[in-house]
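The structure appears right after this line, and notes come after that.
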Amino acid sequence: MKKLALVTGSNGGIGSAITEKLVEQGYRVIAAYLTGELSIAEKWFEEKNFTSDSVRLFELDVTNTEQCAKRLHALLEEEGTVDVLVNNAGITRDGQFKKMTAENWHAVINTNLNSLFNVTQPLFAAMCEKGHCRVINISSVNGLKGQFGQTNYSAAKAGVIGFTKALAFEGAKSGVTANVVAPGYTGTPMVEAMREDVIESIKSEIPMKRLATPAEIAGAVAYLASENGAYVTGETLSINGGLYMK
Ligand code: NDP
């Protein structure tokens with residue numbers, strides 16, 4: 001029997017690399033995509049040459065508490081306990097705080113932070129019962145150091161770290177670990193949408209003078225998911241080329 005992983009935002013830049021890596025490592029991946037975007041998810045599935053044996057597309061709006069509870073409880077019945085949960089879905093809605101709208105504040109907190117309740121809560125009890133499971137949450141360097149124009153995003157991503165440390169206590173005696181991967185700027189559509197000169201100025205501030213690749217972030221997730229990561233819990237693994245050293 002393959003181990004089961006669930007990845008939210010699976011068809012995004014980093015989510016794709018995580019899904020590919022976990023498939024490569026022999027997992028069956030429940031690839032959660034945003035509700036209403038089945039055709040995009042199906043195109044992605046085909047482009048990646050996945051098979052239905054290793055990847056199952058799964059509709060989930062991580063901001064919708066009721067939908068998550070209903071669909072994830074049904075998933076438990078159908079597929080069994082999730083061994084590895086990767087909370088990866090996220091958005092940015094940047095803007096200076098003086099001008100930030102309530103809409104952009106709530107959208108970012110809901111997608112990046114409240115999603116952790118919505119997705120993890122329905123699955124966590126079964127993970128503890130089974131034991132030796134993993135929760136891996138994707139934060140950001142900007143949750144660690146703050147960023148101009150990102151009060152909403154930095155707050156949410158810092159919240160991800162607090163949530164993870166507290167959850168680590170609750171899973172520890174069952175051998176269920178909870179950890180954070182905090183990427184620096186990574187070459188995905190989220191970053192590539194920025195102006196070229198902004199990307200160049202970001203790179204110039206990174207000691208390693210380049211963006212991370214999605215595969216480098218996925219490698220950290222795979223490590224935390226593996227047996228080698230069994231004794232790591234409540235930690236934040238920064239993958240940021242030296243941009244921020246705690
Ligand atoms: P992408 O925009 O490529 O991927 C984000 C994914 O989240 C998409 O698949 C998106 O779906 C999905 N998503 C958004 N809203 C929802 C929702 N309500 N329900 C379900 N899924 C949703 O971004 P990245 O791959 O770059 O980011 C992945 C994670 O990494 C995020 O948490 C991000 O904050 C974090 N990160 C990224 C960095 C970077 O430099 N790229 C740096 C640090 C952290 P859809 O495309 O259909 O909207």
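Read the figures in this text as sums done on the coordinates, not as results from a lab. Since we're looking at a predicted model, the values are computed, not measured. Cβ coordinates were reconstructed from backbone atoms using ideal geometry, including for glycine residues, and neighbour counts include every protein chain displayed.
Brief remarks follow.
- Amide H partners (placed H, <5 Å) of ALA182, local residues excluded: SER139, LEU237, SER238, ILE239
- Mean projected area in nm² (Cα convex hull; one quarter of hull surface) for region 119-188: 5.3
- Set of lysines near LYS2 by C-alpha distance (under 23 Å), chain-local residues within fewer than 8 positions excluded: LYS21, LYS48, LYS130
- Rg and Dmax of region 119-246, both derived from C-alpha coordinates alone, stand at 15.7, 50 Å.
- With all pairs of separate Cα atoms included, region 159-215 yields a Kirkwood hydrodynamic radius of 13.7 Å.
- Residue pairs, from the table LYS3/LYS173; LYS3/LYS70; LYS70/LYS157; LYS70/LYS165; LYS3/LYS246, whose Cα atoms sit over 24 Å apart: LYS70/LYS157; LYS70/LYS165; LYS3/LYS246
- Anisotropy class of region 174-245 from Cα gyration tensor, a/c 1.5 cut: prolate
- Note that region 10-70 shows a convex hull volume over its alpha carbon atoms of 85 Å³ per residue.
- Principal axis dimensions, largest first and in whole angstrom, of the chain by Cα: 48, 40, 35
- In terms of packing, defined here as the mean over residues of other Cβ atoms within 10 angstrom, the peptides 89-97, 127-135, 40-48, 14-22 line up highest first as 14-22, 127-135, 89-97, 40-48.
- Rh by Kirkwood over Cα pairs, then Stokes-Einstein D for region 27-106 at 0.692 mPa s and 37 °C, µm²/s: 222
- For the chain, the Cβ-based charge dipole about the Cα centre amounts to some 700 debye (Lys, Arg positive; Asp, Glu negative; other atoms uncharged).
- For TYR33, residues with placed amide H under 5 Å, excluding near neighbours: PHE58, GLU59, LEU60
- Farthest towards the positive end of the charge dipole of the chain, among the residues GLY175, ILE18, CYS133, is the Cα of GLY175, using unit charges on the Cβ of Lys, Arg, Asp and Glu.
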